[in-house]
Every structure is written in structure tokens, then in C-alpha cells.
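The values are calculated or read from the model by the stated rules, or taken from the named source; none is laboratory data. As the structure is a prediction and not an experimental result, all values here were calculated from the model. Here the Cβ positions follow ideal geometry from the backbone for every residue, glycine too, while neighbour counts run over all protein chains shown. Accessible surface is based on the protein model in full, side chains and every heavy atom, while ligands, DNA and RNA are left aside. Shrake-Rupley method; radii C 1.70, N 1.55, O 1.52, S 1.80 Å.
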Amino acid sequence: QLYLPNDFEIKPEWGYKDREGITMNLEFRPDANTQFYIRPGYSHTKNPESRFEVIYSPDTSPSRVVMSSDTAGTFNRVRTERRSFEYENDQDLFNVAAGFSKVMGSFKLEPMITYSKAKSDNPFTHDREFRNGNGQTGPVQFELGTGFIPESLVEDPSIDVPANYPLRRTRDDYGIQEESIKSAKVDLTWTIPDTSALDGIVKSGFKFLHRSRTVNLESRRLVPKGSWNLAQTGEQLPSVPVYDGQFESGFLPNRTVIDEFIAANPSLVQHDLGAEITNSQEDDYQIEEYIYAAYLMSRVDI
């Protein structure tokens with residue numbers, strides 16, 4: 001029995017992630033039984049990314065595949081999609097905790113308040129997608145080797161050309177997610193005196209938490225109007241090797257010339273209002289959460 005891939009993706013990507021942060025712990029102990037503290041912290045993460053996707057979707061029915069050996073052959077009917085992504089995400093997180101601890105005889109009082117605020121900002125996600133018709137990729141030769149992942153996948157660059165790729169859609173997304181958490185608690189511990197026959201503690205406390213979260217995401221999408229293809233937008237990007245040269249990506253969409261072409265020919269695209277409205281609203285929400293908790297506990301060693 002032979003398993004053939006019905007989808008195969010080549011995804012060259014570039015990007016980096018920057019993380020910066022600072023934390024601090026300030027304490028004041030006026031005497032052995034008293035401690036005051038404040039502990040702030042801040043971190044920032046930035047993650048820009050550029051990615052391409054070349055997605056092969058071969059017809060694996062027996063009449064469309066010619067085997068040259070037990071593990072190699074040719075897909076004679078393949079449909080391919082080429083996508084260009086540019087993405088950035090910035091995250092900020094601030095938190096602070098403050099409180100004190102006070103021992104008063106056999107009692108210990110420990111109140112604390114905390115505040116945290118997180119923000120995830122996606123200033124842009126640019127996505128340009130082009131897809132050809134069934135069979136327009138041309139024959140694709142494959143070698144499966146000993147596993148499910150092909151050891152090689154070769155197409156004919158003279159057949160698989162930009163002129164065969166009409167626009168499927170453009171997608172420009174952006175949005176912000178924000179969350180803040182406020183909490184306060186107080187714990188009171190009574191240590192059973194040594195003069196008692198019992199050894200242990202009795203402890204009680206109360207905690208309050210308020211969480212507020214807002215998600216507001218927007219999407220703008222264009223679909224083709226009329227007949228035009230990727231070759232008309234200008235020169236595309238050259239093929240790049242991936243997986244240490246095991247595969248070639250083939251030509252890649254050049255988002256710069258694509259966007260310049262669309263800006264110069266606005267009559268060739270139109271907004272997909274249904275998709276824009278759906279994707280701009282389906283993930284939006286705002287919540288307010290309140291939690292109240294109290295407890296009473298004891299521990300006795302006999």
C-alpha cells in the first residue's frame with residue numbers, strides 16, 4: 001500500500017523576536033516583625049515576520065499519477081497556491097504587587113494588592129494570495145524515499161509561471177487585545193500558643209479579583225474584479241532553497257509590486273464585504289469578570 005501526499009507546503013520565512021524586561025523588588029523592614037514591599041515589573045516583546053507559502057495540491061487519483069519506481073513518480077494534475085505574508089505583533093506587560101507583613105504576638109497579618117495590564121498590538125498582517133487552476137502547475141516529479149515526507153519535489157519552471165496565477169484575495173488585518181487585572185487579598189494567621197496542648201495554626205482570608213478584557217480585530221479583504229494575473233503586476237521574487245537546499249520554492253509573490261499594481265488599478269479589485277464584516281466581528285468581545293473568595297483553614301499536629 002502506497003501513501004501519497006495530497007497537500008505539500010514549502011514555507012520559507014524570516015523573522016526575529018526581541019524581548020526586553022525589567023523587574024524590581026523594594027523592601028523595607030523597620031523591625032523584625034514588620035515588612036513592607038513593592039514589586040513592579042515590565043516586559044516588551046516585538047515579533048516581526050515575513051513568510052511565503054507555496055502550497056501544492058496534487059490529484060492523487062490513479063489516473064493522474066504515473067509511478068516510475070516503488071517510491072518515485074509524477075503528479076500530472078496539480079493545483080498550486082502562492083502566498084506572501086508580512087506580520088508584526090507587539091506585546092507589553094506591566095505588573096506590580098504591593099503589601100506588607102506584620103506579626104503581632106501570635107497573629108500575622110498579610111494584606112496585598114496587585115495590578116497588571118497586558119496589551120497585544122497587531123499593527124498589520126498583510127496577506128497576498130494567488131492560485132492557479134487545476135493542472136496549470138504542470139507535472140511535478142516526486143521521490144518519497146522511506147517516509148511520508150517527500151525527499152524531493154520538482155516542478156517545471158517553464159510551465160509554472162506567474163501568468164498562470166490570478167488573484168485569489170488580499171487580506172489586511174490589524175487589531176488590539178487588552179487586559180487588565182486588579183486584585184486584593186488579606187490573610188490573617190493565628191499561631192496556637194506553645195502553652196497549648198496542640199501545635200498548629202488557624203488561618204483565614206479574603207480575596208477579590210476584577211478582570212477586564214477587550215478584543216477588537218479588523219479585517220480588510222479584496223477579491224479580483226475582471227481578469228488579471230500575477231505576471232501583470234511586475235517582476236516577482238526569485239526562487240529560494242529551503243531545508244538546506246532539499247527543495248526549491250519556485251518564484252515568490254512580490255508584495256511591493258502587487259500593492260503598487262492594485263493601487264494603480266483600483267477597478268480590478270473590489271471589497272469582499274461579507275468576509276470583512278464577518279472577520280472583523282466574529283472574534284471581537286469585551287468581558288468584565290469579578291471573583292470573590294474567602295476561606296477558613298486550620299492545621300494541627302498531634
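Taking 7 Å along the Cα-to-C-beta vector as the label spot, tell me the A231-I159 distance in nanometres, rounded to one decimal.
According to this spin-label approximation, the distance is 1.6 nm.
So what does the Cα-only Debye profile of segment 218-302 read at q = 0.20, 0.27 Å⁻¹, as log10 I(q)/I(0), no solvent term?
The Cα Debye sum returns log10 ratios of -1.01, -1.23.
Using a basic spin-label model with each label point 7 Å from the Cα along Cα→Cβ, how many nm lie between L296 and D92?
Taking the simple label geometry, L296 and D92 are separated by 4.5 nm.
Can you give the extra length, in nm with one decimal, that the chain gains between Q141 and R51 once fully stretched, where that is 0.36 nm per residue apart less the Cα-Cα distance?
29.9 nm
How far is the Cα center of segment 68-112 from the Cα center of segment 146-219, in Å?
Segment 68-112 and segment 146-219 have Cα centres spaced 6 Å from each other.
When only alpha-carbon atoms count, how far does segment 92-246 stretch along each of its three principal axes, as whole angstroms with the largest first?
Result, largest extent first: 94, 45, 23 Å.
Using the heavy atoms of the protein chains alone and a 1.4 angstrom probe, what is the accessible area of segment 182-302 per residue in square angstrom?
63
Just need the relative contact order of segment 99-200 here, percent rounded to a whole number, with Cα pairs under 8 Å and 6+ apart.
This gives 41 percent for segment 99-200.
Given a 1.4 Å probe and every protein chain left where it sits, what share in percent of the accessible area of segment 194-302 is carbon and sulfur?
53
Between R213 and N33, what FRET efficiency comes out of the Förster formula 1/(1 + (r/R0)^6) with R0 = 45 Å and r the beta carbon distance, rounded to 0.05?
On the way: r = 40 Å, r/R0 = 0.89.
That gives a FRET efficiency of 0.65.
When the accessible area of segment 69-121 is split by element with a 1.4 Å probe, what percent falls to carbon and sulfur?
On the way: 1420 of 2550 Å².
That share works out to 56 percent.
Nearest 10 degrees, 0 to 90: what angle lies between the long axis of helix 255-264 and the longest principal axis of the chain (Cα atoms)?
Long axis of 255-264 versus the principal axis of the chain: about 70 degrees.
Label segment 204-265 by shape, choosing from rounded, prolate and oblate, from the square roots a ≥ b ≥ c of the eigenvalues of the Cα gyration tensor; if a/c is under 1.5 it is rounded, and otherwise prolate applies when a/b is larger than b/c, oblate when it is not. The partial results should precede the final answer.
Working: a/c = 5.18, a/b = 1.87, b/c = 2.77.
It comes out oblate by the Cα gyration axes.
Could you give me D for segment 30-110, from Stokes-Einstein at 25 °C and 0.890 mPa s, where the hydrodynamic radius is the Kirkwood radius over C-alpha pairs? Units µm² s⁻¹, please.
124
Return the subset of K17/K207; K46/K182; K11/K182; K17/K102; K46/K108; K182/K203 for which the Cα-Cα distance in this structure is over 32 Å, preserving the input order.
K17/K207; K11/K182; K17/K102; K46/K108
Add +1 for every Lys or Arg and -1 for every Asp or Glu among the other residues with Cβ under 13 Å from the Cβ of A275, and state the total.
Result for the neighbourhood of A275: -3.
Once you list every other residue whose beta carbon is under 14 Å from the beta carbon of H210, what net charge do they have if Lys and Arg are +1 and Asp and Glu are -1?
Working: positive: K117, K182, K185, K207, R211, R213; negative: E179, E288, E289.
Net of charged neighbours comes to +3.
Please work out how much length the chain gains when fully extended from F206 to L109, using 0.36 nm per residue of separation minus the C-alpha to C-alpha distance, in nm with one decimal.
Values: separation 97, 0.36 × 97 = 34.92 nm, distance 1.20 nm.
This chain segment gains 33.7 nm when fully extended.
Using a cut-off of 13 Å between beta-carbons, work out the net charge of the residues near A72 (Lys and Arg +1, Asp and Glu -1, A72 not included). Write out the running numbers ahead of the final one.
On the way: positive: none; negative: D70, E143, E151.
Result for the local shell: -3.
In sequence order, what are the phi-derived ³J(HN,Hα) couplings for segment 198-210 according to the Karplus relation 6.51 cos²θ - 1.76 cosθ + 1.60 with θ = phi - 60°, rounded to whole Hz, with x for glycine and proline?
Those phi angles translate into 9, 10, x, 9, 10, 9, 9, x, 9, 9, 10, 9, 10 Hz.
Counting residues in segment 127-184 as N, plug N into 2.2 N^0.38 Å and put the Cα Rg over that result.
In units of the globular-protein estimate, segment 127-184 measures up at 2.06.
Per residue of segment 125-135, what does 6.51 cos²θ - 1.76 cosθ + 1.60 with θ = phi - 60° give for ³J(HN,Hα)? Whole Hz please, x for Gly and Pro, Karplus curve as stated.
Per residue, the Karplus-derived 3J(HN,Hα) values read 9, 9, 10, 10, 10, 10, 9, 8, x, 4, x Hz.
Which of the peptides 248-255, 103-110, 227-234, 207-214 is most tightly packed, and how do the rest follow, judged by the mean count of other Cβ atoms within 10 Å per residue?
The densest-packed peptide leads the list: 248-255, 227-234, 207-214, 103-110.
Return the calculated 222 nm mean residue ellipticity for the chain, to the nearest 500 deg cm²/dmol, obtained by summing -39500 (n - 2.57) across DSSP H runs with n ≥ 4 and dividing by the residue count.
Dividing the helical sum by the residues of the chain leaves -2000 deg cm²/dmol.
For segment 1-147, take N as its residue count and report Rg(C-alpha) divided by 2.2 N^0.38 Å. Spell out each step's value before the answer.
Numbers: Rg = 29.3 Å, N = 147, 2.2 N^0.38 = 14.7 Å.
The reported ratio for this selection is 2.00.
Measure of size requested: the Rg and Dmax of segment 188-237, with Cα atoms as the atom set and Å as the unit; please supply both.
Rg and Dmax of segment 188-237, Cα atoms, are 34.3, 93 Å.
Starting from one equal scatterer on each C-alpha and no solvent at all, send me the Debye-based log10 I(q)/I(0) for the chain at q = 0.07, 0.13, 0.14 Å⁻¹, two decimals.
Taken in order of the listed q values, log10 I(q)/I(0) reads -0.52, -1.01, -1.10.
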